[in-house]
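Below: one structure, written as structure tokens.
The values are calculated or read from the model by the stated rules, or taken from the named source; none is laboratory data. Predicted model only: the values in this text are computed from it and were never measured. For neighbour counting, all protein chains shown are included, and Cβ atoms are generated from backbone atoms with ideal geometry for every residue, glycine included.
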């Protein structure tokens, strides 16, 4: 236990050997995956950036006036326009001849659903904007309603299981394929469970001229129904089971994946989350949906050729190996 | 007084005004726990701690960490049965760390580089302590007394120091040069008054020692052979195992050259002797043990009290081991042995949990041998301190080593009866030294125990990558003829590799996981402020107590406690 | 105030004709206004545009309901309801046709001229508006023909402008200069 | 020298003179010609500007917003459905107090579909918190656009310049364009004080809780009310440059002695003036050209109404189920007068219905002998075309 005098902590905070884009004191839930993802992304991106942020948890928990947790210039406008606001900022900075880069932040609602048109337009016009989707697979800000990103069979308040339903009836939208169809220079997925990979992708996207897109799987302890301490564990299992493939695309072509060393059964991922609890009932339809999700994971592994061959430095087991002194984060 | 600006924009980082720490119901704390290697080390070495220093490139610091517990790592790195490795959590994952190889490397480095022991000379008014016997227990006691600021009189009956390390460990396990160098360095420490060829009860009396000193440690070892017979029969030319081993170590040969020998006993002396006999040219060497060959998974109380590695090498070298066997009777022609009848036996617990040796009728078999050597242990030679010895042993309180019936007098090493290795003796000496000082200060000796090790399940093993262990080079069996050391040392690269493989159980790895994965930026990285040996400080002003840091800590160093 | 209504079909440059005429008038130092009858019509549908010319600034923005002149870019539109609506009693009509014909039999004189044919000859496209405007300006002498050429110069450059200039001259030559001068000045003043 | 220009073309060239750094637009009739004109100027290299042709009006407003907060002078234009699609962003721009300028080429709203001119679109967003300036002529549209940038930038509020679609945008007439020097002298280079800058990384668009939201709105309201001064100042300063003024907040025209007043917004005024002047037998009227609808110049309006017995408020929009939109506001404003005029409220010219010269007489006839004010009527509607129940 180390109770420190506050002043020295403040001084220490100011001397942290990394850029701080998102400061403490924000009001995210305990164990919030999105807060972590945003913290990691801004650390990799800052400080010469401006951020447009769609409506959502991230916006609400970071900026309850008069406070802001951001240390980067940041604007929230409305829910569906973040890509357009970012495009406007980019156009302005370009016209002014400034090198400052533009980030757009949105949840899955602001990406897959209400913000999609603006996102599509921004990508079609090729603005030099990195659009980051913090994918927590439902409308969490309003209390967990299903979105286009909610996985099949997941329980939300608008896709509740019941006598004739097993959670969400539809599939999770394959957003990355849609993004890829825009032929943008760089699009990728990442997970909070693999922070180095995440940050490398942010850097890579920012080094790419033109529109780029990063979808970060960000568990929501509240909406997914898992303990806040398990956020990383859950995110990791999503990757290790094949339900959330970690892939990279350039100009619509798959150019890289995070291979899965030994794919785990989806039940290991699902059983940690209350939103899938109904799949573990002793009933035919529960077993059927469980198998359905396993089949989806299998299909992902097959489609993106995710199965690793032996031990690799960059795979689901090797990518976040730790070392004394923290050199994996360098 | 706040003023609302146009459009209600906010200033950067002002969320620091909002202390989310009030949301917390649990808080993370750094909880340094003993690594299993540390808990298992009879000498009390913290291998995890020195492996960390090796990984950081601080070899001398690593050695100093060892000699804080054990002043003779070059020796123990060679002869220890390394229970640290049996306990190593990494064994659950892929292969245990080759800890003894690292220890030996550091010990040898210290010899080569002449690193000074971090010990200051005692003051002229310092307490004066007497230590009897310069085996590992006595040396360790003397060293730790010195470390604690005492002056030490160390008496040794033999002309040179070392005890069994010198007399009973074959050179192929412990080269004399290593032994000499390490012991010389210890004995040369200012504050140790080493008196060789000085025997208690002959050259100096117990009373004299006690009257001239503020404390007394006895590390006499066991040098008095026990009587042995099988069904009351004793062969005419009986020598004990230890006698023969000492002869071989001292002279390089032993008088007898039989074709076949049976050694009765399962300890290190028996194994060493068996190997010596093979080197001597004995074709058939049999080892008869009540217990099993030690191996991973074999319970300690059913395993031979010999080092697994030594047993393995003995088997490689052609020694035949008869597990779970007892000698029922000798088959003699006159006084000459021609064979023995063996029977299967095993230790079984009765209803009260007491262990009994049970021989199974109908399993008897005859083993033809020309010679039988009992290696069943020795007793303390109590000359000069007869009153302190009970049934050939020093009966001590197990942690501090204080004689049960003679408070203020401490003992350790082989003399205790329950300890029979160099490492155990070193640990005995260290704890006894600390106990003597406590006694001197008038303190009560609360019973102690090794630290509780952190179990494998408390680690987040996901963060480690599998990597094969580095092993030391082993002399091929065909070349193991004489005194040449069988095991080579690890090189620096292999040592760093092993240090890199260490899971750092229960200790901060400085891996940055907590710092990286905290959604609330409430783990601060530091090199200056942390007082607990870690590189991080929790900022409880903002920590919401989510527990990610604890769950994702690879080494189990972070624990959540109610707030 | 002189009010003119131009009828045509979508795609014939009806609005352009109105803009050209007003622009020529403005170039000539007058006030003028031109705007289309806004519709959702596509290519081929009957459309109309309005021009006002005055010596004073023009304030009203209502549609021209009682024009003094009609310019009709397609003879078939003469039979479409509304084309002739509101034409003043002495108003006149200039209409595209096969050849130059003056019909003064009725209340309103109708002059037909081969605007499309001339356009085909000079610029290779069946767009009668420029020829009709040249004829209209020649008939009314509201402004020198050069004002029309100047207005065309705002839209065309180089060889295209030159061809248009020749078209203007050719169209003017087919028609009697000043024939409608009185109508134009009488009402306009 | 006056140039023969279509209103849209003139506006495009005027906007270019204002040197916007980012223009974002989505095509919609009748705004299209304006942004086409700007696009051509950019394409020709005559205007150094990022022209962002977005995929919706929602994005057009958003791009403009983004550009403005990133420190650029930004402009957009729209109409009708486009204004409605922008609506949430328009509110946001104003609430965040972001200075930018847009043109609304006024047009009717669906449904049913109607692409022609009225002012229902800008009226629908009157509460967005923007300054709204209505233009009676294309010359005013030109001059107001230049002024709008200065007003926006000085007041840190967005300005919507409302120009009647087609009636102005598609009409060619002689227009005076200011010179580049005149505009540059009037509009210095600008950078939004509260924008986004990594050197001073503030957060815009925060979450404001109930304990502060009323104050935020109060401040916004006050900023708009204060803007009246800047609107008048900009007009008089610009008049000093070009010799023309647009009437400040509002302008009194026609017969200043008349006891009958007619208040209009936008381009209908000229037709009414012509109608009155053409026929001396008609009663005289004092015209009140309401230029600044937001902020609503209540004090100036009372002064303009002094001595009036009757005031007709003629609108190009309505609030179905209530009546007029501007009318009730005028009514509220004049209540404070010692002898307030009777206020009659009409809508006319909806969905592009031609406002002919006889409108003046119809208005006068409708009120002159009426002791009680007309509640509200669409004066040029023909109820006989409707089923009985709807008349």
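Quick check, is residue D:211 without any contact (Cβ under 8 Å) to a residue 60 or more places away in the chain, more than 8 Å from every other protein chain (Cβ to nearest Cβ) and not in a loop (DSSP other than H, G, I, E, B)?
Criteria met by residue D:211.
In segment A:47-74, what residues are over 24 Å from residue A:29 (Cβ atoms) and either more than 7 Å from every other protein chain (Cβ to nearest Cβ) or in contact with a helix residue (DSSP H, G or I) (Cβ under 9 Å, 6 or more places away or on another chain) (or both)?
A:49, A:50, A:73
Identify all residues within segment C:1-54 that are touching a strand residue (DSSP E or B) at 6+ places or on another chain (Cβ under 8 Å), surrounded by fewer than 22 Cβ atoms within 10 Å (Cβ to Cβ) and either in contact (Cβ under 8 Å) with a residue 60 or more places away in the chain or assigned to a helix (DSSP H, G or I) (or both); write none if there are none.
Scanning segment C:1-54 gives C:1, C:9, C:30, C:54.
Among the residues of segment B:413-466, count how many are surrounded by fewer than 18 Cβ atoms within 10 Å (Cβ to Cβ), at positive phi and in contact with a helix residue (DSSP H, G or I) (Cβ under 6 Å, 6 or more places away or on another chain).
Summing the residues that are surrounded by fewer than 18 Cβ atoms within 10 Å (Cβ to Cβ), at positive phi and in contact with a helix residue (DSSP H, G or I) (Cβ under 6 Å, 6 or more places away or on another chain) in segment B:413-466 gives 0.
Please enumerate the residues belonging to segment D:1-46 that are within 19 Å of residue D:182 (Cα to Cα), part of a loop (DSSP other than H, G, I, E, B) and more than 13 Å from every other protein chain (Cβ to nearest Cβ).
D:18, D:46
List the number of the failed condition for residue D:353; all other conditions in (1) in contact with a helix residue (DSSP H, G or I) (Cβ under 9 Å, 6 or more places away or on another chain); (2) within 14 Å of chain C (Cβ to nearest Cβ) hold.
(1)
Which count do you get for residues in segment D:191-201 that are surrounded by fewer than 23 Cβ atoms within 10 Å (Cβ to Cβ) and within 7 Å of chain A (Cβ to nearest Cβ)?
Going through segment D:191-201 one residue at a time, the tally reaches 3.
Mind checking which residues of segment A:91-118 are more than 10 Å from chain D (Cβ to nearest Cβ) and part of a helix (DSSP H, G or I)?
Those that are more than 10 Å from chain D (Cβ to nearest Cβ) and part of a helix (DSSP H, G or I): A:108, A:109, A:110, A:111, A:112, A:113, A:116.
Residue A:7: within 8 Å of chain B (Cβ to nearest Cβ), over 15 Å from the mean Cα position of the chain (by Cα) and either surrounded by fewer than 20 Cβ atoms within 10 Å (Cβ to Cβ) or at pLDDT 95 or above (or both), yes or no?
In short, no.
Of all residues in segment D:84-97, how many are away from chain B (no Cβ under 14 Å) and either at pLDDT below 95 or closer than 17 Å to residue D:155 by Cβ (or both)?
Total meeting the criteria: 1.
Of the conditions (1) away from chain B (no Cβ under 14 Å); (2) in contact with a strand residue (DSSP E or B) (Cβ under 9 Å, 6 or more places away or on another chain), residue A:277 clears all except one; give me its number.
(2)
Every residue, every condition in (1) facing another protein chain (nearest Cβ under 7 Å); (2) out of contact with any strand residue (DSSP E or B) (no Cβ under 8 Å at 6 or more places or on another chain), yes or no:
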residue: D:48; (1), (2): no, yes
residue: D:51; (1), (2): no, no
residue: D:56; (1), (2): yes, yes
residue: D:68; (1), (2): no, no
residue: D:82; (1), (2): no, yes
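Across segment C:92-122, what is the total count of residues that are touching a helix residue (DSSP H, G or I) at 6+ places or on another chain (Cβ under 6 Å) and either surrounded by fewer than 19 Cβ atoms within 10 Å (Cβ to Cβ) or in a loop (DSSP other than H, G, I, E, B) (or both)?
1
What's the number of the condition residue A:179 fails, among (1) more than 14 Å from chain D (Cβ to nearest Cβ); (2) in a helix (DSSP H, G or I); (3) surrounded by fewer than 24 Cβ atoms within 10 Å (Cβ to Cβ)?
Unmet for residue A:179, out of (1) more than 14 Å from chain D (Cβ to nearest Cβ); (2) in a helix (DSSP H, G or I); (3) surrounded by fewer than 24 Cβ atoms within 10 Å (Cβ to Cβ): (3).
Condition test on residue B:339, is it crowded, with 19+ Cβ neighbours inside 10 Å and either assigned to a loop (DSSP other than H, G, I, E, B) or touching a strand residue (DSSP E or B) at 6+ places or on another chain (Cβ under 8 Å) (or both)?
No, not satisfied.
Quickly run through segment D:180-201 and pick out the residues that are under 29 Å from residue D:147 (Cα atoms) and in a loop (DSSP other than H, G, I, E, B).
Narrowing segment D:180-201 to residues under 29 Å from residue D:147 (Cα atoms): D:180-197.
Residues satisfying the conditions are D:187, D:188, D:189, D:190, D:191, D:192, D:193, D:194, D:195, D:196, D:197.
For residues that are touching a helix residue (DSSP H, G or I) at 6+ places or on another chain (Cβ under 7 Å) and either within 18 Å of residue D:126 (Cα to Cα) or facing chain C (nearest Cβ under 9 Å) (or both), tally how many sit in segment D:146-165.
Selection size over segment D:146-165: 10.
Report those helices (runs of 4 or more DSSP H) wholly inside segment D:47-139 carrying at least 3 residues which are under 25 Å from residue D:249 (Cβ atoms).
Result: D:80-95, D:120-124.
Examine segment B:511-524 for a residue that is within 30 Å of residue B:80 (Cβ to Cβ), facing another protein chain (nearest Cβ under 10 Å) and buried (at least 24 other Cβ atoms within 10 Å of the Cβ), and state whether such a residue exists.
Yes, segment B:511-524 contains a residue that is within 30 Å of residue B:80 (Cβ to Cβ), facing another protein chain (nearest Cβ under 10 Å) and buried (at least 24 other Cβ atoms within 10 Å of the Cβ).
Taking residue A:239 as the residue in question, decide whether it is within 14 Å of chain B (Cβ to nearest Cβ) and without any contact (Cβ under 8 Å) to a residue 24 or more places away in the chain.
So residue A:239 fails the test.
Being in contact with a strand residue (DSSP E or B) (Cβ under 9 Å, 6 or more places away or on another chain), surrounded by fewer than 17 Cβ atoms within 10 Å (Cβ to Cβ) and more than 29 Å from residue B:96 (Cβ to Cβ), is that true of even one residue in segment B:279-302?
Looking through segment B:279-302, at least one residue is in contact with a strand residue (DSSP E or B) (Cβ under 9 Å, 6 or more places away or on another chain), surrounded by fewer than 17 Cβ atoms within 10 Å (Cβ to Cβ) and more than 29 Å from residue B:96 (Cβ to Cβ).
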